[in-house]
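*Asks:* Below is a structure I'd like to ask you about.
Taken together, the values in this text are just the output of simple stated rules run on the coordinates, not laboratory data. Everything numeric in this text was worked out from a predicted model, so none of it was measured. Because the Cβ atoms are built from the backbone with ideal geometry, glycine has one as well, and the counts that use them run over all protein chains shown.
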Amino acid sequence: MAEVVLKNVNKKYGQLEAIKDLSFLCREGEFVVMLGPSGAGKTTTLKMIAGLEKVTSGSVFIDGREVNDLEPRQRNVAMVFENYALYPQSTVYENLASPLRAAGETGDVLDGRVHQIAEMLQIDKLLDRKPSQLSGGQQQRVSFGRALCKDAQVYLMDEPLTHLDAKLRHEMRRELRRIHGEFGTTTLYVTHDFREAMALADRVIVLMAGEVHQIGTPSQIYNEPANEAVADLIGEPPMNVIRCELRQDSGKLMFTSMDMCMPVPGTLLAAVSKLPGKGEVHMGIRPTHITVYHDRSQAGIDAIRAEVYVLEPLGGVAVLTVKIGQSLVKIRVSDEFEARIGDSVWVEFAHDRLHAFDAATGLRVG
Amino acid sequence: MGTVVLQNVWKHYGKVEAVKDLSLTCNDGEFLAVLGPSGCGKSSTLRMIAGLEKATRGTIAIDGQVVNDLEPRHRDIAMAFEAYALYPHLTAFENIAFPLRIRGASSSEVEAKVRDIAGILDIVDVLDRLPRNLSGGQQQRISFARAMVRSARVYLMDEPLSHLDAKQRSQLRSELKRLHQLRGLTIVFVTHDQIEAMAMADRIAVMDHGVLQQLATPKEVFNKPANLFVADFVGEPPMNLLDVKVEMDGAAAVLVGNGYTIRLSDARLVEAAGQVAGSEAVFGMRPLHIQFGLGARDDALPGESLVRAEVVAFEGLGDTAVLTAKLNGSMIRIETAPENRTEPGDIITMRLNPRYMHLFDKETERNLFH
């Protein structure tokens, strides 16, 4: 096992800067997920660690050693890709054994290791089969097994669950976490799916357009997003962001926009008052932290009137979109909730869940 | 007006029966989603309604008129497909205006209708651009606008949102549902994405292997799936399904699983389970519908079944969390709030509410409880 460090890494393809001054540390035994939309530079980063791409400048360290000029096979990393390349003509046993043979293992040691890993992955009853006789999920596990057989210091995984159906994806996600728990392998995992990042990671690196936006635990990424872009990447639907102005109203500082006026909660006052500019601010709140009422009398005094834009049931839950002034705001409601387009409703924001973003930079200030 | 009626429709491609004895109605002003995995016959169904394929047997009627032998252009339908073929040399505006112009609409009518649909789909600002200067999402909206701009009896759509990224997809989903509700359009929408079908449709026709499995509202499909296929296909995370043997014990029914039992006392369920007494069955519950408490408990409410399990994993996903628990050899998923965190090894008691239980006949795969 080993730690991975990237220091001021840049990657250019001609004029295009794919990675800009990327630095991070993946600790020994840590499960780090790189999360970002397509084109963020996630796979490029993984390939630079594996040695499949050269860094343009900066350094990659594995286990304290700079590996910039080392060949992939000298770096002692194992890579698992989205599509699992197994030898079709070989049995599961042979598919697992070949990386061990390549590393010089023979006889009982090799045999023992194959069986140990097959048991761990619950494919020990499939050792005699060919890949074509396996389900997609089983093939995926054999592919993991091959990576584990390499006994590498670092495991690199590039969207390995993308092509699995929902049920298998859930199973493999749990399985991956379990394998990591048992092997304690240093793992760098790339995905565009925030759920995978939340479920798997010890820490998440949010990468967009070649730049790190935030590094933190899943809970930090969800509860304390560094900026609007990170807030927008997490959640289905993601955080609502409403453009507001700050106004004084009878001694109280208020978030105001067309058709909306609500006091800035005490927890945000200090941060919001320091904002530069003409008092523009973006207010953020997640769809799950808003309550909606049909009747004004049930709602609190700070409730805001809104117009129903559309209601979409999603099985068990529903997403209600309402219009407040010019802003569309999404709210997670129970699927028992009923409303028609154009209905008036009252919405209440959980004050302790409000965020404020600097309107100019998008940075979260509180 | 636009009512589509399919009666005993079959579609053969050589020996392959793509659609088998399909009868369904899409009412005037209804949004009907045809949902199923690839190869289930949903696109063939749509193409037969459009007239792009001939039905091998059966009749297809629009507004009471049998259209089996009518050319597509005589059926008064509008189509939006996955691939958006825009005219590259025409601006977005002219692309949208095209179906109106070829029907001889006046320029003031064209102007008004294009502006109107562009406003709804949020593309007013890009109407002057050529397709090559538009993003994929914008092109998809233009293609959509072109399909929706003229009035037709029926709008047919085949996975029109599948090439968009998650954000654009959910945006356009909302807009399409609004458009449908505000204008009272008749829409038949084909998709493999259950979320899309649930979110937009008035009713969903679930298909598998060319056969209609269930035709019902999204809530019914989710809460009262007709059979094992529908139960398994709809819902994320998917429904928990456990192989059990059904045994009767006086006024109760006992579902005997691999090293655990689930005791049913609700009279309606006991009677239904009695139909397969002594036989194998599949017990089902959705992850969202399982309540649980920490520790071993015996305080069952009337009708409720308590089952103990051991926590294997707890995955926080932000807005929600998924707990996996071990019921002897079987795994159960529970969807819960992130605040209800438990640790691997914790013992929990699952509180199973009879209202949310499903029992599937192992042979017919029919849902015996709903």
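*Asks:* Using the basic label-point model (7 angstrom from Cα toward the beta carbon), what is the A:E211 to A:T56 distance in nanometres?
*Replies:* In this crude spin-label approximation the distance works out to 1.5 nm.
*Asks:* Where does each of B:H180, B:H370 land when they are ranked from fewest to most other beta-carbon atoms within 10 angstrom?
*Replies:* B:H370, B:H180
*Asks:* Size of segment A:37-101 along its principal axes in angstrom, Cα-based, largest extent first?
*Replies:* Taking the Cα atoms of segment A:37-101, the three principal extents are 43, 30, 15 Å.
*Asks:* Nearest 10 degrees is fine. How inclined is helix A:136-149 to the longest principal axis of chain A, computing both from alpha carbons?
*Replies:* With both axes taken from Cα atoms, the answer is about 60 degrees.
*Asks:* Further question: Take B:V9, A:V241 and order them by how many other Cβ atoms sit within 10 Å, fewest up front.
*Replies:* Fewest-to-most Cβ neighbours within 10 Å comes out as A:V241, B:V9.
*Asks:* Residue by residue through segment B:97-104, which ³J(HN,Hα) values in whole Hz follow from phi under the Karplus form 6.51 cos²θ - 1.76 cosθ + 1.60 (θ = phi - 60°), with glycine and proline marked x?
*Replies:* With the stated coefficients, segment B:97-104 comes to 6, 3, x, 6, 4, 5, 9, x Hz.
*Asks:* Separate question: Considering Cα pairs under 8 angstrom that are at least six residues apart, work out the relative contact order of chain B and quote it in whole percent.
*Replies:* Computed value for chain B: 15 percent relative contact order.
*Asks:* Tell me, how many Å apart are the Cα centres for segment A:232-256 and for segment A:9-38?
*Replies:* Here the answer is 32 Å between Cα centres.
*Asks:* Sticking with this one: Quick check on the protein assembly as shown: of the DSSP beta bridges with both residues there, what percent are antiparallel, nearest 5%?
*Replies:* 80 percent
*Asks:* Using 24 Å as the Cα-Cα cut-off, could you pick out the over-long pairs in B:K219/B:K245; B:K224/B:K326; A:K12/A:K47; A:K323/B:K224; A:K167/B:K362; A:K167/B:K177?
*Replies:* In this structure, B:K219/B:K245; B:K224/B:K326; A:K323/B:K224; A:K167/B:K177 lie more than 24 Å apart at Cα.
*Asks:* Relative contact order for segment A:20-114: what percent, with Cα pairs under 8 Å and sequence separation of 6 or more?
*Replies:* 14 percent
*Asks:* Straight-line reach from A:K54: which aspartates and glutamates have Cα under 17 Å away, leaving out those fewer than 8 places along the same chain?
*Replies:* Once the sequence-local aspartates and glutamates are set aside, what remains near A:K54 is A:E17, A:D21, A:E66, A:D69, A:E71.
*Asks:* Now for a different question. Between the alpha-carbon centers of segment A:42-76 and segment B:301-370, tell me the distance in whole angstrom.
*Replies:* Centre-to-centre distance over Cα atoms comes out at 44 Å.
*Asks:* What translational diffusion coefficient, to the nearest whole µm²/s, does the protein assembly as shown have by Stokes-Einstein, given a Kirkwood radius computed over alpha-carbon pairs, a temperature of 10 °C and 1.306 mPa s viscosity?
*Replies:* 55 µm²/s
*Asks:* Would you please name the trypsin sites (Lys or Arg not before Pro) within segment A:240-336 that are DSSP coil residues with at most 15 other C-beta atoms within 10 Å of their C-beta?
*Replies:* A:K274, A:K278
*Asks:* What whole number of Å gives the distance from the Cα centroid of segment A:314-366 to the Cα centroid of segment B:41-68?
*Replies:* Centre-to-centre distance over Cα atoms comes out at 42 Å.
*Asks:* Something else now. Which three lengths, in whole Å and largest first, does segment A:66-134 cover when its Cα atoms are put on their principal axes?
*Replies:* Result for segment A:66-134: principal-axis Cα extents of 41, 30, 22 Å.
*Asks:* Plugging the Kirkwood radius over Cα pairs into Stokes-Einstein for chain A, at a temperature of 4 °C and a viscosity of 1.567 mPa s, what D comes out in µm²/s?
*Replies:* 56 µm²/s
*Asks:* What angle do you read, to the nearest 10 degrees and between 0 and 90, between the alpha-carbon axis of helix A:107-120 and the longest principal axis of chain A?
*Replies:* For helix A:107-120, the angle is close to 20 degrees.
*Asks:* Take every DSSP beta bridge whose two residues both sit in segment B:4-233, then give the antiparallel share in percent to the nearest 5.
*Replies:* Antiparallel bridges make up about 50 percent of those DSSP assigns within segment B:4-233.
*Asks:* How tilted is helix A:92-102 with respect to the longest principal axis of chain A? Cα atoms for both, answer in degrees (0 to 90, nearest 10).
*Replies:* 70 degrees
*Asks:* 222 nm [θ] for chain A, helices only, -39500 (n - 2.57) per DSSP H run of 4+, per residue, to 500? Before the final figure, lay out the partial values.
*Replies:* Numbers: 9 runs with 93 residues, N = 366.
Computed ellipticity for chain A at 222 nm equals -7500 deg cm²/dmol.
*Asks:* Be a star and scan segment B:276-315 for residues whose amide nitrogen sits under 19 Å from the point 7 Å along the Cα-to-Cβ vector of B:D249.
*Replies:* Inside the label zone: B:276-284, B:296-309.
*Asks:* In nanometres, what is the gap between the two model label sites at A:S334 and B:R366, each 7 Å from Cα along Cα-to-Cβ?
*Replies:* Distance between the two pseudo-spin positions: 3.2 nm.
*Asks:* Over segment B:120-217, what is the mean sequence separation of C-alpha contacts under 8 Å (at least six apart), divided by residue count, expressed as relative contact order in percent?
*Replies:* Reported as a whole number, the value is 22 percent.
*Asks:* Quickly work out the A:H115-to-A:K252 label distance, labels modelled 7 Å from Cα along the C-beta direction, and quote it in nm with one decimal.
*Replies:* 7.3 nm
*Asks:* Sort chain B into rounded, prolate or oblate with this rule: let a ≥ b ≥ c be the square roots of the eigenvalues of the Cα gyration tensor; rounded if a/c is under 1.5, and if a/c is not under 1.5, prolate when a/b is larger than b/c, oblate otherwise.
*Replies:* It is prolate, given that a/c is not under 1.5 and a/b is the larger ratio.
*Asks:* Which entries in the list A:K130/A:K150; A:K7/A:K42; A:K42/A:K274 go over 26 Å, if you measure between the two C-alpha atoms of each? Working shown, then result.
*Replies:* Working: A:K130/A:K150 20 Å; A:K7/A:K42 16 Å; A:K42/A:K274 35 Å.
Those over the limit are A:K42/A:K274.
*Asks:* A follow-up question, please. Please report A:M198, B:M248 as a ranked list, fewest other C-beta atoms within 10 angstrom at the top and most at the bottom.
*Replies:* The most exposed by this proxy come first: B:M248, A:M198.
*Asks:* Which value does Rg/Rh take for segment B:240-361 over its C-alpha atoms, Rh per Kirkwood?
*Replies:* 0.97
*Asks:* With n ≥ 4 as the cut-off for DSSP H runs, can you work out [θ] at 222 nm for chain B, using -39500 (n - 2.57) per run divided by the number of residues, rounded to the nearest 500?
*Replies:* Only helices count here, giving -7000 deg cm²/dmol.
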